[in-house]
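J.: One structure, pasted below without further comment.
Readers should treat all values here as calculations from the given coordinates under stated rules, not as data from a laboratory. Here the structure is a predicted model, which means the values were calculated and not measured. Here the Cβ is made from the backbone with ideal geometry for all residues, glycine too, and neighbour counts use every protein chain on show.
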Amino acid sequence: MSRVTLSRYLIEQTRSNNTPADLRFLIEVVARACKEISHAVSKGALGGVLGSAESENIQGEVQKKLDVLSNEILLEANEWGGHLAGMASEEMDNAYQIPGKYPKGAYLLVFDPLDGSSNIDVNVSVGTIFSVLRCPNQCFSQNDSLGEEAFLQPGTEQVAAGYAIYGPQTMLILTLGHGVMGFTLDRELGSFVLTHEHLQVPQSTAEFAINMSNQRHWEEPVKRYVGELLAGKEGPLGKNYNMRWIASMVADVHRILTRGGIFMYPRDARDPSMPGKLRLMYEANPMSMIIEQAGGAATTGTQRILDIQPSSLHQRVPVFLGSKEEVERVTGYHQA
Ligand code: AHG
Ligand code: MN
Ligand code: MN
């Protein structure tokens, strides 16, 4: 059987699901940028890419060199092709304007250029997360600039979402709304090759992921739920659970997509102004679309993540996602 590359998969999607040519091009360009980021990540100290960039992003986080570099790679790859009306990123305060010398297109691209930055310097998996939206009609103001409002669409409006994981293998996980496909980078060919068709999150699980060091700051429903998981076979859930926490959302979600589990980053009381740590537009929404497309569920504890009407580009939300049974259980505890 001949191998199905990402290009071939996308062309076949145009035939079977009418995927527009400019969306196909967009995904190819993002995938190319991810290959470049993968290359930079894998060079590590040899490429001089480790360590801090000595700057801060809008969220007050110290940027790593690779955060900045990955952001630049994605911007440069995507600005000239005529497929985008604008971009937004974790690493930029405001919407990125397509330079006037290039044509503008129908889509908006939102990304977390490098997820799991705290893992870069210790050689643990990191990734890139992206979300694609349509630019609403008349999204440009009179002076031809694109405002933040154009991006503020609920996750249900995403036309594509995906992530690249830079781990032992580099993989691209993609959904165009017709299931979730996994591609592995073949470094000899230089192509992403379809290796995981129609990924499905198992409905039930015995594995959970949460940063336990925040336990004392959690809200009651989360304390109750995790307490029951820890109680194991002798507790109300009647089975033993295992725990994993990589601190790269991409890597934790990838494990869950592969063998099930529940991922939680709840709201906590450390900073009452922050409703959770993860960002809606470029972390929670794309991951929720992927997980739902793979048969799992994703909520804030009280609401389906994809239904949230965003109020700002860098908005944070609590996240519970993964195997349906467990996400529904912890969501139920928030209602009790
Ligand atoms: P980023 O590196 O893009 O800022 O995201 C890091 C996020 C996410 O990947 C991970 O799940 C979480 O932060 C880890 O948080 P803790 O360090 O609080 O465990
Ligand atoms: Mn992130
Ligand atoms: Mn990041």
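J.: Which whole-number percent is the relative contact order of the range 76-213 (Cα, under 8 Å, 6+ apart)?
T.: About 14 percent, as a whole number.
J.: Please work out the Cα center distance from the range 1-58 to the range 254-272, rounded to the nearest Å.
T.: 25 Å
J.: Further, regarding this structure: Within the range 302-329, list the residues whose amide N lies under 13 Å from a label point set 7 Å along Cα→Cβ of residue 148.
T.: Only 310-316 fall inside the zone, counting backbone N under 13 Å.
J.: Please give the helix 21-43 orientation as an angle from the longest Cα principal axis of the chain, in degrees from 0 to 90, rounded to the nearest 10.
T.: 70 degrees
J.: Nearest 10 degrees is fine. How inclined is helix 220-231 to the longest principal axis of the chain, computing both from alpha carbons?
T.: 70 degrees
J.: Could you give the radius of gyration (one decimal) and Dmax (whole number) of the Cα atoms in the chain, in Å?
T.: Rg then Dmax for the chain, in Å: 19.5, 66.
J.: Compute the acute angle (0 to 90°) between the alpha-carbon long axis of helix 65-78 and the principal axis of greatest extent of the alpha-carbon atoms of the chain; round to the nearest 10°.
T.: 50 degrees
J.: A further question follows. Calculate the FRET efficiency for residue 123 and residue 215 from the Cβ-Cβ distance with a Förster distance of 25 Å, rounded to the nearest 0.05.
T.: 0.35
J.: Give me the count of lysine pairs in the chain whose alpha carbons sit under 28 angstrom apart, restricted to pairs 8 or more positions apart or on different chains.
T.: 17
J.: Let me ask something additional. Run the numbers for residue 97 and residue 137: contour at 0.36 nm per residue of separation, minus the present Cα-Cα distance, in nm. It would help to have the intermediate numbers written out before the result.
T.: Details: separation 40, 0.36 × 40 = 14.40 nm, distance 1.64 nm.
Difference between extended and current length: 12.8 nm.
J.: Kindly provide the chymotrypsin sites (Phe, Trp or Tyr not before Pro) of the range 80-121 that DSSP labels as loop, not H, G, I, E or B, and whose Cβ sees at most 15 other Cβ atoms within 10 Å. Spell out each step's value before the answer.
T.: Details: sites: 80, 96, 107, 111; in loops: 80.
Taking the range 80-121 and a limit of 15 other Cβ atoms within 10 Å, the loop chymotrypsin sites (Phe, Trp or Tyr not before Pro) found are 80.
J.: For the charge dipole of the chain, defined by +1 on Lys and Arg C-beta atoms and -1 on Asp and Glu C-beta atoms about the Cα centroid, which residue among 210, 159, 82 has the Cα displaced farthest towards the positive pole?
T.: 210
J.: Follow-up question, since we're still on this one. With an 8 Å Cα cut-off and a minimum separation of 6 or more residues, compute the relative contact order for the chain in percent.
T.: Rounded, it is 15 percent for the chain.
J.: Just the Cα atoms of the range 207-335: what Rg and Dmax do they give in Å?
T.: Rg, Dmax (Cα atoms, Å): 13.7, 44.
J.: May I ask you to derive the relative contact order of the range 161-205, considering only C-alpha pairs under 8 Å and at least 6 residues apart, and to give it as an integer percent?
T.: 27 percent
J.: Could I ask something else about it? What longest region of the chain stays clear of trypsin sites (Lys or Arg not before Pro) that DSSP places outside H, G, I, E and B and that have at most 15 other Cβ atoms within 10 Å?
T.: On the way: sites that count: 3, 101, 187, 239, 244, 270.
In the chain, the maximal stretch lacking such sites is 4-100.
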